[in-house]
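Notes follow the structure.
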Amino acid sequence: MTFQLRRQIANEHRQRRSRLPSGFVVAGFTAIELMMVLCIAGMVTAIAVPNVDQAMKTYRADFAARQVLNDMQATRMLALSRNVRYRLVLTPNGTTYVRQMRDPVTLVYATDATYTLPAEATFAANVTDPVFTPDGLINIPPPASVMIQGAGGAVTLTRTINVAAAGSMQLAR
């Protein structure tokens, strides 16, 4: 065999080894590209984490206010359906509140149910106890609202439940 023929056979052999079957594409990422993607992902995460934390605190305050609002509406419905006076005793700066029913004969309130606010939520200091009458009215001294605070470190989020004497209740921000 001649030198040129040997060289031609070697080249064909090399080309056969480097060819891929049809349908395959050679693709990939370099180490620098992967490092850049990881750096960008790290920066996005560092920016997003404080925002997620603040959003969770806001959701907790909203959840606590909605829970109290639902319990107030349920207490009003009990007063209407049972034709008995009810009240909610809200503990200022506390995390519990009780529903009490007034005995029609002795006119003494007895605890009917006890509720607990979700973690990191408390009632504001100026909380007044709403009284629900059998005709659907709500007696609540001014200010006619219940404030729930969601403690979030240095930030305190407050949600207010506005109460109308006619019986409507609304969650305000």
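A short reminder: the numbers here are calculations on the coordinates, not readings from a lab. In this text the structure is predicted, and so the values were computed from the model without any measurement. Ideal geometry is used to build each Cβ from the backbone, glycine not excepted, and the neighbour counts take in all protein chains shown.
Summary table
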quantity	calculated
Segment 40-54 - phi-based ³J(HN,Hα) in whole Hz, Karplus 6.51/-1.76/1.60, Gly and Pro as x	5, 4, x, 5, 5, 5, 5, 6, 6, 4, x, 5, 5, 4, 5
Rg/Rg_globular for segment 33-139, with Rg_globular taken as 2.2 N^0.38 Å and Rg from C-alpha atoms	1.67
Segment 30-35 - phi-based ³J(HN,Hα) in whole Hz, Karplus 6.51/-1.76/1.60, Gly and Pro as x	7, 4, 5, 4, 5, 5
Inter-label distance for Ala172 and Thr2, nm, one decimal - labels placed 7 Å from Cα along Cα-to-Cβ	10.2
Burial order of peptide ranges 107-115, 72-80 (average beta-carbon count within 10 Å, highest first)	72-80, 107-115
Amide H contacts under 5 Å for Asp112, placed H, 5+ residues apart	Arg99, Gln100, Met101
Sum of side-chain charges, Asp112 neighbourhood, beta-carbon under 13 Å (Lys, Arg +1; Asp, Glu -1)	+3
By average C-beta atoms within 10 angstrom, highest first, the peptides 38-48, 94-104, 56-66	56-66, 94-104, 38-48
Förster-model FRET efficiency, 45 Å R0, Gln73 and Val44, C-beta, rounded to 0.05	0.60
Under 5 Å, built H, 5+ apart or other chain: amide partners of Ala124	Asn93, Met147, Ile148, Gln149
